[in-house]
Amino acid sequence: MGITSELPGELLGWLLRGCISALTISALQLTLSMRIRSFAAPIGIGLCAVFIGLGMYVIHLGLFFPHSLLTTGMGVLSQTSLSPGEDLLFIIINLLYLIIISAGAIRRMGKSDVVA
């Protein structure tokens, strides 16, 4: 494959945190898409949220905004791995976001989205 050096030891952690945060962002974007019946509006909101998330990451508040969790978890800008405490906090915050977003979407679908 042309890779001459060893893969970094942190690669598995980066991939795992990337998958977890991608699930959170996907749940949020899916909820937006179900709420807003347009095609372009949820994409535009997501694009703007990515820029806001990048700003939140730069001011060290990346764990508190869903769209900056991918940058935080994979260490895109700092290229350093998270400490075990930060890793646990990252997973807890992602699970919290997933539960809140999913519960809100399920509640809304049960009340107003079902048309018989």
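The values are calculated or read from the model by the stated rules, or taken from the named source; none is laboratory data. Since this is a predicted model, take the numbers as computed values, not measurements. Cβ: placed from backbone, ideal geometry, glycine included. Neighbour counts: every protein chain shown. For the accessible areas, the whole protein counts, side chains as well, though only heavy atoms, and no ligand, DNA or RNA atoms are used. Shrake-Rupley method; radii C 1.70, N 1.55, O 1.52, S 1.80 Å.
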Problem set entry | Accessible surface of T80 - all protein chains present, 1.4 Å probe, nearest 10 Å² | 80
Exercise. Got a sec to turn the phi values of region 92-100 into Karplus ³J(HN,Hα) couplings, 6.51 cos²θ - 1.76 cosθ + 1.60 with θ = phi - 60°, whole Hz, x for Gly and Pro?
Worked result: 4, 5, 4, 5, 4, 4, 4, 5, 5
Problem set entry | Derived scalar couplings ³J(HN,Hα) [region 6-22; Karplus, 6.51 cos²θ - 1.76 cosθ + 1.60; whole Hz; x for Gly, Pro] | 6, 6, x, x, 7, 4, 4, x, 4, 5, 5, 5, x, 5, 5, 6, 5
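Give me the tail of P(r) for region 68-109 as a percent: Cα-Cα pairs with distance above 13 Å. Don't jump to the answer; show the numbers that get you there.
On the way: 513 of 861 pairs.
Of all Cα-Cα distances in region 68-109, 60 percent exceed 13 Å.
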Problem set entry | Note, ³J(HN,Hα) from phi for region 50-59, Karplus 6.51, -1.76, 1.60, rounded to Hz, x at Gly and Pro | 5, 5, 5, x, 5, x, 5, 5, 5, 8
For this session: Over the alpha-carbon set of region 1-100, work out the extent along each principal axis and list the three values in angstrom, largest first.
Result: 47, 35, 24
Problem set entry | MRE, 222 nm, helices only [DSSP H, n ≥ 4, -39500 (n - 2.57), over the chain, to nearest 500] | -22000 deg cm²/dmol
For this session: Work out the FRET efficiency for M1 and E86 from their Cβ-Cβ distance, taking R0 = 25 Å, and round it to the nearest 0.05.
Result: 0.20
Seminar exercise, completed: Over the chain, with neighbouring protein chains present, the accessible area per residue in Å² at probe 1.4 Å is 68
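Between R35 and V58, how high is the FRET efficiency from 1/(1 + (r/R0)^6) when r is the Cβ-Cβ distance and R₀ = 25 Å? Nearest 0.05.
Details: r = 29 Å, r/R0 = 1.15.
Efficiency, rounded to the nearest 0.05: 0.30.
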